[in-house]
1. Roll a 1.4 Å probe over the protein chains and send me the accessible area per residue for segment 104-230 in Å².
2. What is the gain in length, in nm to one decimal, between I235 and T277 on full extension, counting 0.36 nm per residue of separation less the C-alpha to C-alpha distance?
3. Given R₀ = 25 Å, FRET efficiency for V102-K139 by Cβ-Cβ distance, to 0.05?
4. What list of ³J(HN,Hα) values in whole Hz, one per residue of segment 253-259 in order, does the Karplus curve 6.51 cos²θ - 1.76 cosθ + 1.60 (θ = phi - 60°) give from phi, with Gly and Pro shown as x?
5. How much length, in nm to one decimal, is gained on full extension between S311 and T270, taken as 0.36 nm per residue of separation minus their Cα-Cα distance?
6. Out of residues 5 or more away from G353 or on other chains, whose amide H comes under 5 Å of its own, with H placed 1.01 Å from N in the peptide plane?
7. Between D344 and V112, what's the calculated FRET efficiency when r is the beta-carbon distance and R0 is 25 Å? Round to 0.05.
8. Would you mind giving the three semi-axes, in whole Å and largest first, of the ellipsoid equivalent to segment 115-257 according to its Cα gyration tensor?
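The values are calculated or read from the model by the stated rules, or taken from the named source; none is laboratory data. Computed from a prediction, not measured in an experiment: that's the story for all the values here. In this analysis, Cβ positions are derived from the backbone assuming ideal geometry, glycine residues included, and neighbour counts consider all displayed protein chains. Only protein heavy atoms, including side chains, enter the accessible area calculation; ligands, DNA and RNA are left aside. Shrake-Rupley method; radii C 1.70, N 1.55, O 1.52, S 1.80 Å.
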Amino acid sequence: MATFAELVLSTSRCTCPCRSFTRKPIIRPPLSGLRLVGDTKPLFRSGLGRISVNRCFLTAVARAESDQLGDDDHSKNVEDKQKKASQLKKRVIFGIGIGLPVGCVVLAGGWVFTVALASSVFIGSREYFELVRSRGIAKGMTPPPRYVSRVCSVICALMPILTLYFGNIDILVTSAAFVVAIALLVQRGSPRFAQLSSTMFGLFYCGYLPSFWVKLRCGLAAPALNTGIGRTWPILLGGQAHWTVGLVATLISFSGVIATDTFAFLGGKTFGRTPLTSISPKKTWEGTIVGLVGCIAITILLSKYLSWPQSLFSSVAFGFLNFFGSVFGDLTESMIKRDAGVKDSGSLIPGHGGILDRVDSYIFTGALAYSFIKTSLKLYGV
């Protein structure tokens with residue numbers, strides 16, 4: 001369709017016979033942002049008939065708005081990509097910043113490992129009880145009193161330390177649970193079963209299960225005699241005796257959990273089509289299978305390098321348990337956060353959320369790894 005200026009220029013004479021029409025250049029004003037109001041009567045006549053200026057204006061305005069919307073969408077996409085890239089960069093930086101100290105703590109073992117674990121347990125238990133007290137979970141139920149939550153967080157933090165000192169804390173955990181249950185039952189007001197169940201699960205989830213990492217790292221003190229790296233380990237750092245079955249098993253388990261999360265994420269991004277569960281809609285079966293393959297592959301490679309365990313079947317089984325514990329722990333925490341109506345358990349770690357968001361895959365894994373080694377591997381797999 002010809003524009004308004006082109007129609008005017010194409011008219012060489014006026015419709016009136018008494019005077020002539022002089023062609024002059026017409027400068028079109030910019031049409032971006034124009035809004036036409038009023039009637040739709042033609043403004044003039046020409047030799048070509050009636051010309052509706054409104055139609056020209058509407059066409060130009062529509063084209064200008066379309067271009068403007070396209071520019072807005074493009075800039076929005078660019079901004080979203082930049083935001084995702086910034087978040088990924090932040091996650092990588094803080095992930096490396098956390099991973100290196102954690103590796104040093106695992107190598108140190110003993111009280112260093114135990115105190116670091118107890119600190120993480122205390123922060124994680126505080127996040128858990130805050131989730132329990134949130135609107136999503138507390139709707140329709142009475143949350144545990146705040147003083148009970150704080151006492152339970154302290155009890156959870158003491159469990160790894162008591163595990164290192166006593167070796168077995170079953171009696172202590174049972175006694176603590178009994179005292180907490182009495183405190184809930186005799187409180188003022190109307191005690192609720194939801195208070196008791198959420199508190200007992202908190203003691204088990206945040207305190208008792210993480211204590212198995214102390215049993216695994218510090219309790220399995222049998223030397224890994226065939227480990228090649230132990231023969232070159234400095235004497236000042238403990239020499240070959242420092243490389244125990246517990247240290248090797250902990251390193252392999254940690255690596256298996258990291259491999260599961262990494263390969264599952266990459267596999268889900270590349271091949272993910274089928275949702276795994278409604279608890280976590282972003283997880284897919286394809287990503288989970290890739291995570292399983294990656295975890296078993298990393299476990300086999302490390303077992304060959306560290307010469308533990310000796311059997312290939314044991315390595316595959318150990319890798320599967322690490323994978324299962326990682327996925328189950330991740331889904332459990334996702335269920336808690338979904339009921340609480342939050343995305344992250346906290347904001348302690350930029351780009352990663354809270355402590356529970358980072359250690360959820362490790363909570364069940366330590367107990368599974370320790371139980372497997374104690375019950376299934378003869379001579380601890382040496």
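1. 48 Å²
2. Gain in length upon complete extension: 10.1 nm.
3. The pair V102/K139 has a calculated efficiency of 0.10.
4. Calculated HN-Hα couplings, in order: 5, 4, 5, x, 5, 4, 5 Hz.
5. Gain on stretching S311 to T270: 11.5 nm.
6. none
7. With R0 = 25 Å, the Cβ-Cβ based efficiency is 0.35.
8. They are 39, 15, 11 Å, listed from largest to smallest.
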